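Just below is one structure, and these are the notes that go with it.
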Amino acid sequence: MNIKITLLTASCALALAACGGNDAPPPQDTTATPATAPATTPGTAPGTAAGGMDTGTDAATAGTTTPGTTPAGTTDAGATGAASGAATTTAGDAAEVTGCETTIEGNDAMQFNVNSITIPASCNEFTINLEHTGQLPEAAMGHNVVITSESDMQAVAADGLSAGADNEYVPQDDDRVLAFTDIIGGGESTSVTFSTSAMQDGGNYMFFCSFPGHSALMKGTISVG
Ligand SMILES: [Cu+2]
C-alpha cells in the first residue's frame, strides 16, 4: 500500500510537474518568444535577407548571363543535333547481331527498339532474345516475337488473336509461323532459336508482336543477308 501510494503520489507529482511544467514554460516561451524572437528576427532577418537578396541577385544575374549566352547556343545546337541523330537512329534501327544471336527490346510504349534484323548468311540457326524493358504486366502490355513471311503477317496476327492468350496469341502448329516466343510482361525476357533454312530463299520476312493490337507498331523486317 505504501508503495502504491508512493507511486501514485509520484505519478501525481510527475503529472503535476509535467502539467505544471508544460503550463508554465509555454506562457513564458510564448511571452518570451514574441518578445525576443520577433524582435530579433526582424532585426536580423532584414539584414540577412537583404544580404541574401544581394548575393542571390548577383548570383542570379551572373547565372542568367552565363547560361543565357554560352550554353543556350551550344545547347540548341547540341539538342538539334541530338534530336536529329535520335530520330535518324530510331527510324532505321538495325538490330545488333553478335554471332548468330541478337537481343531486342520491347517497352511499355508498345515499341520494339529495332525495326530490322539481318541474319548472317553463315547462320543455320539464329537466336532472338527478347527483353521487355517496361513495367506493365503481361496482360496489359505483353510482347512476343513472331516470324512469318511478309505476306502471311496480317493473317497470322489475326489468327493469333483468335488463338488467344493461352496460346501466346500464336496459331498452333501453323507452317506460316517460322518462329515465335512466349508472351512476356515488363521486366521479363524470353528467347527463341530457330532454323534459318526457310528464310534462305531471299524472300521478305517480318518479325512482329502478336499481342492484340501491337503488330501495327511492333514489327520489322528480318532477312538472311
Ligand atoms: Cu507487344
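The values are calculated or read from the model by the stated rules, or taken from the named source; none is laboratory data. It should be emphasised that the depicted structure is a prediction, and the values quoted were computed from it without experimental measurement. Using ideal geometry, Cβ is built from the backbone for each residue, glycine included, and neighbour counts are taken over all protein chains shown. Heavy atoms of the whole protein, side chains included, go into the accessibility calculation; ligands, DNA and RNA do not. Shrake-Rupley method; radii C 1.70, N 1.55, O 1.52, S 1.80 Å.
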Conditions (1) away from the ligand (no atom under 16 Å from the Cβ); (2) in a strand (DSSP E or B); (3) touching a Ser or Thr at 6+ places or on another chain (Cβ under 7 Å) -> CYS123 fails only (2)
Residues of the range 126-156 classified as in a strand (DSSP E or B), crowded, with 19+ Cβ neighbours inside 10 Å and not polar (S, T, N, Q), total = 7
With respect to THR118, determine if the residue is of a type in the set (Val, Ile, Thr) and open to solvent by 40 Å² or more (accessible area, probe 1.4 Å).
-> yes
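Name the residues in the range 179-194 that are open to solvent by 50 Å² or more (accessible area, probe 1.4 Å) and touching a Phe, Trp or Tyr at 6+ places or on another chain (Cβ under 8 Å), would you?
Result: THR193, single match.
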Do we have ALA109 as part of a loop (DSSP other than H, G, I, E, B), surrounded by fewer than 21 Cβ atoms within 10 Å (Cβ to Cβ) and within 14 Å of the ligand (Cβ to nearest atom) here?
-> yes
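Taking ASP159, is it over 16 Å from ASN113 (Cβ atoms), in a loop (DSSP other than H, G, I, E, B), open to solvent by 60 Å² or more (accessible area, probe 1.4 Å) and more than 16 Å from the ligand (Cβ to nearest atom)? Write out each step before concluding.
Values: over 16 Å from ASN113 (Cβ atoms): yes; in a loop (DSSP other than H, G, I, E, B): no; open to solvent by 60 Å² or more (accessible area, probe 1.4 Å): yes; more than 16 Å from the ligand (Cβ to nearest atom): yes.
No.
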Inter-residue pairs, beta-carbon under 9 Å, first under 9 Å from THR196 (Cβ atoms) and in contact (Cβ under 8 Å) with a residue 12 or more places away in the chain and in the range 115-133, second open to solvent by 70 Å² or more (accessible area, probe 1.4 Å) and acidic (Asp, Glu), 6+ apart = CYS123/GLU101; PHE126/GLU101
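Residue under question is GLY202, and the condition is that it be open to solvent by less than 70 Å² (accessible area, probe 1.4 Å) and farther than 19 Å from ASN129 by Cβ; does it hold? Don't jump to the end; show me each part of the working.
Details: open to solvent by less than 70 Å² (accessible area, probe 1.4 Å): yes; farther than 19 Å from ASN129 by Cβ: yes.
Considered against the rule, which asks whether it is open to solvent by less than 70 Å² (accessible area, probe 1.4 Å) and farther than 19 Å from ASN129 by Cβ, GLY202 comes out as yes.
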